[in-house]
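Student: This is the structure I want to talk about, given as C-alpha cells.
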Amino acid sequence: MALNSIQKVKGKVKEGIGLAKKQGMLKLTKDACQYCFWESIGHRIGLPLAIRKFKAKEQKIKTVDEAIDFAIGFNYAGLSIRPGQFKNEISQLLKVVEKLNASRVMEIGTAKGGTLFLFCQVSNPAAKIISADLPGGKFGGGYSNSKNKLYKAFAKANQEIILIRKNTHDVSTFEEVKNVLDGQNLDFLFIDGDHTYEGVKKDFEMYSPLVRKGGVIAFHDIANHPVQSECEVNKFWEEIKKCYKFDEFVNDWQQGTYGIGVLYV
C-alpha cells in the first residue's frame with residue numbers, strides 16, 4: 001500500500017476514534033452496518049415502506065430540536081438519515097437558517113441526507129433546495145440513485161428539491177445551478193463537499209457569488225482534524241472569516257471532527 005494511502009487510512013481511523021468518543025463505538029458500528037445493508041439489498045425491499053414511515057412521522061415535527069432528534073433516530077429497513085453532526089452545533093446553524101426564512105438553499109455534499117432533511121424543515125415552505133453531491137466523493141459523498149425518491153420526499157408543502165449528482169468544481173455543474181436559480185440568488189449556501197484546502201476554496205469561490213447580500217454561507221468541519229484525514233477546511237476558514245462577520249459553532253476545538261463556521265454576507 002502506498003505511503004499516502006496508509007496516511008489516509010490512519011487519518012480516517014483517528015477521526016473515527018473521535019466520533020466514537022462522542023457518539024459511542026456501539027452507535028458508530030451500528031450506523032456502519034445499517035449503511036452496508038441498505039446499499040446492498042435494503043433499498044430494494046424497504047424504500048417504499050421507509051418513505052411512508054418517514055412521511056407519517058415527519059408530520060409530527062414542530063421544533064428544530066424535534067427535527068434533529070427525528071433525523072438522528074429515524075431508522076427503517078436499514079435506512080438511516082442520521083446527519084454527520086453534533087446536535088448542539090447543527091441546532092445553532094438551523095436556527096440561523098430558520099431566521100432567514102430561506103427561499104433558495106444550496107447544499108454541497110449530501111451523503112446520507114440528514115442535513116438536507118433538516119434544511120428543508122427550517123426553510124420557507126415554498127423554498128427551492130439544491131443538493132449537489134459527487135458520486136464516489138471521498139469525503140462522504142456518493143449516495144446511490146436508490147435514495148433519490150427518499151430525498152425528494154424531504155420536501156415540505158410546496159418546496160422543490162433538485163438533486164445534482166455531479167462534481168461542483170465542473171463549470172457545467174455551476175451553469176446547471178445557475179439555470180435552476182433562474183436569475184435569483186441563494187439565501188443560504190452550505191459547503192460540505194471536498195474538504196481539501198483547494199477543494200473547499202474552489203467551492204467557495206465558485207458559488208459564494210450566487211449568495212445574496214444579507215444571506216448566509218456556512219462551512220462544515222472547521223474543527224481541527226487529523227492531518228492524515230486531508231480535511232483542511234479549518235485552514236481556509238481561518239483565512240476567509242477575517243473578511244466577514246462570522247459565528248463559530250464548535251463544542252471543542254480539539255474534538256477532532258465536525259464544527260460549523262457561518263459567514264454573514
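The values are calculated or read from the model by the stated rules, or taken from the named source; none is laboratory data. Bear in mind that the values here come from a model prediction, so they are computed numbers and not experimental data. Positions of Cβ are backbone-derived with ideal geometry, glycine not excepted, and every protein chain shown enters the neighbour counts. Areas reflect the complete protein model, heavy atoms only, side chains present, ligands, DNA and RNA absent. Shrake-Rupley method; radii C 1.70, N 1.55, O 1.52, S 1.80 Å.
Student: Do any of LYS99/LYS235; LYS62/LYS245; LYS60/LYS87; LYS152/LYS202 go past 25 Å between their Cα atoms, and which?
Tutor: Too far apart for the 25 Å limit: LYS99/LYS235; LYS62/LYS245; LYS152/LYS202.
Student: In Å², what does the accessible area per residue of the stretch 64-114 work out to with a 1.4 Å probe?
Tutor: Here the residues of the stretch 64-114 average 33 Å² of exposed surface.
Student: Same structure, new question: Magnitude of the Cβ-charge dipole of the stretch 111-204, K/R +1 and D/E -1, about the Cα centre, nearest 20 debye?
Tutor: My answer is approximately 400 debye.
Student: Rounded to a whole number, what % of the accessible area of the stretch 205-265 do carbon and sulfur atoms account for, probe 1.4 Å?
Tutor: The C+S portion of the solvent-accessible surface of the stretch 205-265 is 49 percent.
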